[in-house]
Amino acid sequence: MKKYVNEESSMTKEVSLFSVFSTALDIPLSEINDQLAYNAIKKWDSISHMGLIVALEKHYNIMLDTDDIIDMSSVLKAKEILAKYDVSF
Amino acid sequence: MTVSALIEGNGVTLKAIERADLERVRLWRNDPDISQCMVSQALISEKQQLSWFDTISDDKCQQHYVIEFKSEPIGVINMKSVCGASLNRESLHSCRQIEMGMYIHDERYRGNFLAFCPAVTLNDYCFDQLSCEKLMARVLLGNEAAIRFNTALGYQVTSEKSDATDAQQQGLITMTLSKDNYQVHSEKIRRLIRY
């Protein structure tokens with residue numbers, strides 16, 4: 001498990017995460033929040049999920065386990081999973 | 001070689017459907033969430049299910065598997081010879097084209113990236129072990145999720161039929177997948193399957 005090192009503020013980190021979601025899923029930044037869930041919107045399906053994972057791995061320079069890729073069912077869940085890779089919010 | 005009753009790979013296990021699986025599979029298949037994506041949406045009775053099982057048990061042209069993930073059954077995947085030739089490779093007229101079908105019943109994994117794991121596992125088996133040349137899938141025209149899923153695997157739409165009398169008149173599209181196209185398209189999926 002490759003982990004992440006960063007010292008941004010919590011707020012900046014959250015905006016940064018939301019920005020990755022916004023770009024990868026092609027959704028306005030204003031629509032990204034913790035409750036946004038996989039499959040709840042058309043633009044976040046199994047196909048766009050792959051692009052999201054690639055974007056997250058690139059942004060945080062980490063490599064997610066497949067179980068974590070499968071379990072990443074919401075933005076909030078993404079935060080919990082990323083915490084395992086030392087990305088805290 | 002004869003078609004395997006057990007195929008493992010990419011974090012999932014594909015087990016040939018047995019008599020003990022029939023009722024579970026029947027209930028899955030009759031669930032409106034699943035049946036609405038099927039060409040035939042009629043309810044399946046216990047008797048029909050038994051009759052279907054008797055038919056497929058002796059049929060060398062098709063194989064149906066229960067998909068297991070972390071030892072739990074989550075869905076069904078199947079393959080059928082398109083030309084009517086046996087799926088077994090030692091057969092005189094080996095099958096060149098195979099039709100694939102799959103559904104994930106477990107809500108936790110429906111529409112999830114996990115669905116690529118059994119698809120890639122059986123696709124690899126068809127191309128590499130059965131020496132199949134082309135895969136085929138029939139999808140309801142309105143099933144955008146399945147069309148996008150198949151497209152991500154490299155399938156291309158080869159025909160559209162809009163005069164279907166079943167499946168609520170939605171029409172069907174036929175998608176086909178060559179080995180070359182599959183190898184190119186599945187590469188980015190494989191990079192994320194790290195089991």
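Every number in this text was worked out from the coordinates using simple rules, so none of it is lab data. Not measured: the values here are computed from a predicted model. When we count neighbours, we look across all protein chains shown, and the Cβ atoms used for this are built from the backbone with ideal geometry, even at glycine.
Neighbours of B:CYS61, meaning other residues whose beta-carbon lies under 11 angstrom from its beta-carbon, give a summed charge of -1 when Lys and Arg score +1 and Asp and Glu score -1.
Explain nothing, just the number: dipole magnitude of region B:72-147 about its Cα centre with +1 on each Lys and Arg Cβ and -1 on each Asp and Glu Cβ, in debye rounded to the nearest 20.
Around 200 debye, computed over region B:72-147.
Mean residue ellipticity at 222 nm, helices only, the protein assembly as shown: -10500 deg cm²/dmol; runs of at least 4 DSSP H residues each add -39,500 (n - 2.57), and the sum is divided by the number of residues. Placing unit charges on the Cβ atoms only, positive for Lys and Arg and negative for Asp and Glu, gives chain B a dipole magnitude near 420 debye about its Cα centre.
Cross-link pairs exceeding 25 Å in C-alpha to C-alpha distance, out of B:LYS134/B:LYS188; B:LYS47/B:LYS161; A:LYS13/A:LYS84; B:LYS134/B:LYS161; B:LYS15/B:LYS134, comprise B:LYS47/B:LYS161. Projecting the Cα atoms of A:PHE18, A:ILE81, A:ASN39 onto the charge dipole of region A:10-83, computed from C-beta unit charges around the Cα centre, puts A:PHE18 farthest toward the positive end.
Other residues within the sphere of radius under 11 Å centred on the Cβ of A:VAL75, judged by their own Cβ, net out at -2 (K and R +1, D and E -1). Treating each Cα of the protein assembly as shown as an identical point scatterer and summing with the Debye formula, the log10 of I(q)/I(0) at q = 0.17 Å⁻¹ comes to -1.42.
Taking the Cα centre of the protein assembly as shown as the origin, how large is its charge dipole in debye, to the nearest 20, when only Lys and Arg (+1) and Asp and Glu (-1) carry charge on their Cβ atoms? Spell out each step's value before the answer.
On the way: 31 positive and 39 negative charges, 84 e Å.
Dipole about the Cα centre, nearest 20: 400 debye.
For chain A, averaging the sequence separation of C-alpha pairs within contact (under 8 Å, six or more residues apart) and dividing by the residue count gives a relative contact order of 43 percent. Computed from backbone phi, the HN-Hα couplings of region A:67-79 come to 4, 6, 4, 6, 7, 6, 9, 7, 5, 4, 5, 4, 4 Hz, rounded to whole numbers (Karplus: 6.51 cos²θ - 1.76 cosθ + 1.60, θ = phi - 60°; Gly and Pro given as x).
Projected label points at A:SER88 and A:SER16, each 7 Å from Cα along the beta carbon direction, are separated by 1.4 nanometres. Taking only the Cα atoms of chain B, the ratio Rg/Rh comes out at 0.93, with Rh defined as the Kirkwood radius.
I need the P(r) histogram for region A:10-83: all alpha carbon pairs, bin width 5 Å from 0 out to the longest distance, whole percents. Going from the shortest bin to the longest, the percentages are 3, 16, 33, 31, 14, 3.
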